1. In segment 220-269, which residues are touching a Phe, Trp or Tyr at 6+ places or on another chain (Cβ under 8 Å), farther than 12 Å from Trp283 by Cα and among the charged types (D, E, K, R)?
2. Within segment 420-445, take every residue that is among the polar types (S, T, N, Q) and modelled with pLDDT under 85 and give me the one that is nearest to Met340 (Cα to Cα).
3. Of everything in segment 31-54, what is outside any loop (DSSP other than H, G, I, E, B) and either open to solvent by 60 Å² or more (accessible area, probe 1.4 Å) or in contact with a strand residue (DSSP E or B) (Cβ under 7 Å, 6 or more places away or on another chain) (or both)? Give them in sequence order.
4. What pairs can you find where one residue is in segment 1-30 and open to solvent by 70 Å² or more (accessible area, probe 1.4 Å), the other is of a type in the set (S, T, N, Q), and their Cβ atoms are less than 8 Å apart, with a gap of 6+ or different chains?
5. Could you pull out the residue among Ser294, Ser249, Ser303, Ser265 that is modelled with pLDDT under 90 and open to solvent by less than 60 Å² (accessible area, probe 1.4 Å)?
6. Output the number of residues of segment 58-71 satisfying the condition of being surrounded by fewer than 22 Cβ atoms within 10 Å (Cβ to Cβ) and farther than 23 Å from Gln149 by Cβ.
Amino acid sequence: MSMNKFMHPRNIYKNPPNFKQLAVEFPEFKRHVRIDITGKVQFDFKDPEALRALSHTLLLKDFHLDVCIPVNKLVPTIPLRLNYILWIEDLLDFIGRIDHVEGIDIGTGASCVYPLIAAQKNQWSMLATEADTGSFEQAKQNIVSNGFQHLVKVVQVSKDIFLAGAVDADKVYDFCMCNPPFFASTQELHPFFKARTQNRPHPKNAFVASVHETVAKGGEVDFIQKMIAESTQLKTQIKLYTTMVGQKSSLPALKKCLREAKVHSFKVAEFCQGNTTRWGLAWTYLNHDLRKASEEAKIATKSYKQRGPLLYDLEGEQNTPENIVKITSMFLQLFKSLQMSCEDVSRNKLHPRYFVTASSNTWSHQRRKLRAKLRQGQLAESKTIDDPADSSVAKRSLDDLLCESTCKKLRLSTDSESSDHALYKFMFAINCLNKKLILELNTLDNNVDREPLHQIMQYIKNNCRNLVN
């Protein structure tokens, strides 16, 4: 499904480029398109040379930038890059920085595309860093050939330096940005490495990047965690720290790292374009609550995001005041057993409503947890027979190991039960509809991920019969 409708509203690629017109205006691009028998333009997104020509053409047409993109280097996706820059514009506007902006691009690459677009579009001053010698030399050439030496400076750094060894110690920067290597090994480059099903469709685009641009030890989580560690040293010398995140599964670990770093606030955003979704992560040590920064893309697509509550018909339950109280109490006990906290926000006792907060994922993988408990019981029993004096120690150690294993697999933080570190919040209600009792679950914000809500509803359905009976 195309994600263009969820693009940033100021992104000029919200309406896809006219390939036929591009082919007429740019001979280089024309070599990579063909007209089928129906008169439609066909473009092969699996051809690396075609993708390189497309990015070069869009930069030339829309930004008047003539950028050389080497054959063996990353081909930047221009709509995605623009989404990232527009998001930074919104964040800078939120903290009151509009004029004379100075930013940093960590690992700018051979094309140096972020600094060049930022300089051309917004007249921002940019410091670009690059560790690879070949990419560093090509980035310098692209800056000179486009006449932006006065706004863009590129410096070569070692692979272990992100910010601390590159920034001017006496200077304050408005933001930094980064497009990190997403993968931890070359095996992860295979599109089906983490696929949940063998029927997953093949990627629509060709892979166009060098290994060192996409693979790093520990993947993007380790890379960004090092960046966070450096930010704890620089603090407010950089007002906004930002990075792109390629895999949604990386976000829980990174959020936990930010909390441990005691940043003042952080924010996550989605970058939607074509058939791809990426995420942006921003944090600051300044007295600004980034969570309150509006997301223009979500505001513009609010009509797409409006979703009703999840409903479950409690068949056979009578619509009486006594029964409503009884059923409500049962579900509250269920949430309590899942280590969730409930806040009563009811205005009418016959229509109970609660805000429910989960600090960790306690509802998923129930069969796996049951098998683990059975194994735990068998091992504990065996240990008690062998050495009764040490049974409690063995059981406690096994509990710790099982807990650590579960948390690692789910990649969820369970360090705190505080609502300040809530994993998920939702609303629970019992309503009457056509003389039937209906259980209702809904998110408190239409823009949050609803997948956990569906999982919780499924858990309720799986346990509802035993609960009511």
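1. Glu220, Lys226, Glu230, Lys248
2. Ranking the qualifying residues of segment 420-445, first place goes to Asn431.
3. Val33, Arg34, Ile35, Val41, Gln42, Phe43, Glu49, Ala50
4. Cβ pairs passing all conditions: Met1/Asn275; Lys5/Thr301; Asn15/Asn4; Pro16/Asn4.
5. None of the other options fit; the residue is Ser249.
6. Summing the residues that are surrounded by fewer than 22 Cβ atoms within 10 Å (Cβ to Cβ) and farther than 23 Å from Gln149 by Cβ in segment 58-71 gives 2.
The values are calculated or read from the model by the stated rules, or taken from the named source; none is laboratory data. All values derive from a computational prediction rather than experimental measurement. A quick note on method: Cβ atoms are made from the backbone with ideal geometry, for glycine too, and the neighbour counts reach across all protein chains shown. For the accessible areas, the whole protein counts, side chains as well, though only heavy atoms, and no ligand, DNA or RNA atoms are used. Shrake-Rupley method; radii C 1.70, N 1.55, O 1.52, S 1.80 Å.
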